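The next block holds one structure in the form of structure tokens; read it before the comments.
The values are calculated or read from the model by the stated rules, or taken from the named source; none is laboratory data. Just so you know, these numbers come straight off a predicted model, no measurement behind them. Here the Cβ is made from the backbone with ideal geometry for all residues, glycine too, and neighbour counts use every protein chain on show.
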Amino acid sequence: MANKLIKLLLVLPMACMFLIASTDAANLRQLSASNMWNMVKSVFMKEHALTSDMLHAIWNNDVNGFLNAACQKFANVDCYGNDRLLLDNTLIGENVNLLEDMDTKDLLAKYPNNRDEIAKAPFGYKSVDEWLEGQERLYMTSTADEKSSDEKVSYMKIKGFGEKGSLFVVPGQSEPCAKYDEILLDYYYAGYSMIYCIDHRGQGYSSRLLKNDEEHFKNHVVSSDHFVTDLKSFIDTIFVKETDDTKPRFLACHSMGCAITLGYLTNEYNDAKSETVFHAIAMNAPLVKANTDPFPYPVAVAIGEVMSFFGLSENYAPTKEKSFQQSYANSNFEGSTTSSLIRWTRHRDRCINFENKRIGEDEHVGLCLGGVTAGMAKEFFDLNVGLENFKGKIATPVLLQVAGDMETTDGLVMNQETVKFQEKALVNSKVTNYRASKHQIWWESDSIRSNALGEVNEFFEKYAKEAKTERCPKPATCGSWNYSWRNWGCNDSSNCSYQYKFGDYHLGMSCRPKSTSC
């Protein structure tokens, strides 16, 4: 009997392997799909949002129907109805009248009291746009994606006349450096010696990741890690090597650019060999956790996972599909991320001028982007997971400028999550609130943006006079049993000490990391 049991135990694994090997690929995919749908149902049930239409779509493995039901539930629209094609995202029946809704004169007439003073271009230039175009535009070959060795990341290099040190400007989601022309000029006038600005992969003059011309308007990325890898590569191989190490180095970022910067900082912290590069960093409306309205955050994450799983990562995320005309029509101003009409129309008109132009090393079509793809949305969420899981302390001085209500959102980012991360992970930081501002503080009306940029310069000047901050040490790991009876104390006495807390039921639990200066 014992021998038969032994033989059975030996045969069973082999039989299982045979069954798995003989199962056709479709059944394996169906098994995986079943697990995915179970996860989705669990999320939607927790949000009390699972409808009969969703269940019907899940039962039939109908991704299109499920996404449409989710949009009906939360946005009260057909995201993938009869006027859209799910697979190629082509809009049907474009409203040609929208072209008439892109005349700046109409907006200026509608808002006669909304006027701001754009910075004056330096001598010899007719406009700020012309000044920026007169600066060096260069390209870095990206090594972030091994599958594509021809991706080029564009960046601007501006030689300043001052002695304040070097500044690296990191734009936000969908933003080319061209949009930052006035801000870069402000920093130029402020006296920085070298100023750099990067177009993230898939944005501005950088190579588009979706190669078909009709897809160049999509805001897409394969992995958020690629953003962070590009940033590190630029800092290590260009910024650090080309700037004077006897002068301070600073970084200024906005929104998604700050999420990428935080990803870089957390990675550098986890790499024990790395030293801090920047004397100080200024963050304008940093993205730690996105506002996913009209979808609850867990639901948005689940939708992103579903679309990526079923091979739809290059499709627009639900409610994000719009044509160029729909994205940049005059009607978008009231719901935009700035209340400055002049600054909004300057960038909108720039997008119109470049709509059909071929630019960049890859000669892609257009400068500006539209809505995010499902893959891009999913990578936003992955960035947040990385920040939530970060256990260390970042010593670099950081200024965080938050727009809108501190307790809720500025429309695009969850402000309370920003503050939570600041309290958990930033040792030397300052949070200021521009409650009257929309998301883009540095593009706001003159009174708001002038105060915000002035605060950035003051923050940088404060830390320019001090030595670069030493990196915080990584927290010690004392283990579950770290007590030494021989030493009557913790084994790792250099990093751990006996610190009893109520509930400890053996000595090893009371060996905890010693407190550090961080």
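Miscellaneous remarks
- Residues of the range 303-349 that turn out to be over 26 Å from Asp213 (Cα atoms) and in a loop (DSSP other than H, G, I, E, B), as a count: 8
- Residue check, Thr396 β-branched (Val, Ile, Thr), crowded, with 20+ Cβ neighbours inside 10 Å and touching a Pro at 6+ places or on another chain (Cβ under 6 Å): no
- Residue check: Glu379 meets all listed conditions (1) more than 18 Å from the chain's Cα centre (by Cα); (2) farther than 24 Å from Phe278 by Cα but one, namely (1).
- Just so you know, in the range 51-80 the residues that are surrounded by 14 or more Cβ atoms within 10 Å (Cβ to Cβ) and among the aromatic types (Phe, Trp, Tyr) include one that is nearest to Ala300 (Cα to Cα), and it is Phe74.
- Note on the range 231-266: residues that are under 9 Å from the mean Cα position of the chain (by Cα) and more than 23 Å from Ile441 (Cα to Cα) amount to 0.
- If you check Lys211, Lys164, Lys157, Lys126 for being assigned to a loop (DSSP other than H, G, I, E, B) and over 21 Å from Cys351 (Cα atoms), only one passes: Lys164.
- Of Ala317, Ala329, all but one fail to be in contact (Cβ under 8 Å) with a residue 12 or more places away in the chain, under 17 Å from the mean Cα position of the chain (by Cα) and in the same structural domain as Lys179 (by TED's automatic domain parsing); the exception is Ala317.
- Filtered by the rule that a residue be part of a helix (DSSP H, G or I), touching a residue at least 12 places away in the same chain (Cβ under 8 Å) and of a type outside the set (Val, Ile, Thr), the range 389-419 gives Asn415, Glu417.
- The range 475-508 - residue that is hydrophobic (A, V, I, L, M, F, W, C) and at pLDDT below 75 and, of those, surrounded by the fewest Cβ atoms within 10 Å (Cβ to Cβ): Trp485
- Selection status of Glu444, exposed (fewer than 14 other Cβ atoms within 10 Å of the Cβ) and modelled with pLDDT of 75 or more: no
- When the residues of the range 99-121 are filtered to those that are touching a residue at least 60 places away in the same chain (Cβ under 8 Å) and of a type in the set (Asp, Glu), the one that is nearest to Leu184 (Cα to Cα) is Glu117.
- From Asp24, Asp83, residue being touching a strand residue (DSSP E or B) at 6+ places or on another chain (Cβ under 8 Å), loosely packed, with under 13 Cβ neighbours inside 10 Å and modelled with pLDDT under 50: Asp83
- Test: Glu423 is over 26 Å from Pro298 (Cα atoms) and surrounded by fewer than 15 Cβ atoms within 10 Å (Cβ to Cβ): no
- Here the condition is being closer than 26 Å to Lys179 by Cβ and either in contact with a strand residue (DSSP E or B) (Cβ under 8 Å, 6 or more places away or on another chain) or of a type in the set (Val, Ile, Thr) (or both); of Lys393, Lys320, Lys378, it holds for Lys320 alone.
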